[in-house]
Amino acid sequence: MSRVILFMAMSLDGFITGPNDGPGSPAGDGGMRLQQWLGDGQGNTVEGYRPQHENSRIVFDEGMATGALITGRRTGDFAGYWNGDHHGGVPIFVPTHAAPQDNPYERVHYVTEGIASCVAQAKAAAGDRDVMLHGATTAQECLKAGLLDVIELQLMPVLLGRGRLLFDNLPPDHVELDLVRTLEAPGVLHLRYVVIPTDADARS
């Protein structure tokens, strides 16, 4: 069964970008430090970003094996929607209140019917593969709706001090997680958590 998995590099103090992120600088000031677990990106190909260490490769390869991507509108806008192809030609779904008038990318689909519809469409497109999730606000919306299954963090040994926090607008409810895997690699700790459904999630 297809799962929604949040893949996110994060500083030890919880930031996923530095300050002043925006178009042309999606990671913000100093934020590219969080991506240093990846390869050097030579040639701007997937293989160019594949890490050298075997444990980091496990996480990277799992992400590249997903069959669809959900990204927040802000994240997608700042990243230029990866020129319409995040990885492997998979479809990209963007939850938004209003779709733009012009969409130059065949694989980018704007969903205005809410986060549940966005997740359903992404899962249908992914088939028996998992769905990758990007974006702090969208991750929080999925958590609140009981639609996020797994959190895969690439925890980087740095304190950014400022920027965008991954979890800063959640309601005062406990979200219980089960740490199911820990992988160490040079300069990064990979943590995989399964989101434990609440009673309300189980009934829905």
**Message:** Amide H of residue 177 versus every other amide H placed in the peptide plane: which residues, excluding those fewer than 5 positions away on the same chain, fall under 5 Å?
**Reply:** 196
**Message:** Given a 10 angstrom Cα cut-off, can you work out which residue in 11, 56, 25 is the most mobile in a GNM of the chain?
**Reply:** 25
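Kindly work out what percent of the DSSP beta bridges joining two residues of the chain are antiparallel, to the nearest 5.
DSSP beta bridges in the chain are roughly 45 percent antiparallel.
In debye to the nearest 20, how big a dipole does region 1-138 give about its Cα centre with +1 on each Lys and Arg Cβ and -1 on each Asp and Glu Cβ?
Working: 9 positive and 15 negative charges, 41 e Å.
Computed about the Cα centre, the dipole is about 200 debye.
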**Request:** Note down the relative contact order for region 138-204 as a percent, whole number, built from C-alpha pairs under 8 angstrom at least six residues apart.
**Result:** 40
**Request:** Would you mind checking which residues have amide H under 5 Å from residue 134's amide H? H placed 1.01 Å from N; only 5 or more apart, or other chain.
**Result:** 70, 71, 72
**Prompt:** Out of residues 5 or more away from residue 3 or on other chains, whose amide H comes under 5 Å of its own, with H placed 1.01 Å from N in the peptide plane?
**Reply:** 130, 131
**Prompt:** Ordered by residue, what ³J(HN,Hα) values in Hz, to whole numbers, does region 100-110 give under the Karplus form 6.51 cos²θ - 1.76 cosθ + 1.60, where θ = phi - 60° and Gly and Pro are x?
**Reply:** x, 5, 10, 9, x, 10, 4, 8, 8, 10, 8
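Under 8 Å for C-alpha pairs, at least 6 residues apart: give me the relative contact order for the chain, rounded to a whole percent.
Reported relative contact order: 30 percent.
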**Request:** For region 62-69, take each phi angle, set θ = phi - 60°, evaluate the Karplus expression 6.51 cos²θ - 1.76 cosθ + 1.60, and give the result in whole Hz per residue in order, putting x for glycine and proline.
**Result:** 5, x, 6, 8, 5, x, 6, 10
**Asked** About its Cα centre, how strong a charge dipole does region 96-182 have in debye, to the nearest 20, once Lys and Arg get +1 and Asp and Glu get -1 at the Cβ?
**Response** 240
**Request:** With unit charges on the beta carbon (Lys/Arg positive, Asp/Glu negative), name the residue among 183, 159, 147 whose Cα is farthest towards the positive pole of the charge dipole of region 140-186.
**Result:** 159
**Request:** Kindly write out, for region 143-151 in residue order, the coupling ³J(HN,Hα) from the Karplus curve 6.51 cos²θ - 1.76 cosθ + 1.60 (θ = phi - 60°), rounded to whole Hz, with x marking Gly and Pro.
**Result:** 4, 4, 8, x, 10, 9, 9, 9, 10
**Asked** Where Lys and Arg each count +1 and Asp and Glu each count -1, what net charge lies around residue 28 among other residues with Cβ under 13 Å from its Cβ?
**Response** +2
**Request:** List the residues of region 127-154 whose backbone N lies under 20 Å from a point placed 7 Å from the Cα of residue 50 along the Cα-to-Cβ direction.
**Result:** 130, 132
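Coordinate-derived values only; no laboratory data. A quick note: this is a predicted structure, and the numbers were derived from the prediction, not measured. So basically every Cβ, Gly included, is an ideal-geometry build from the backbone, and we count neighbours across all protein chains shown.
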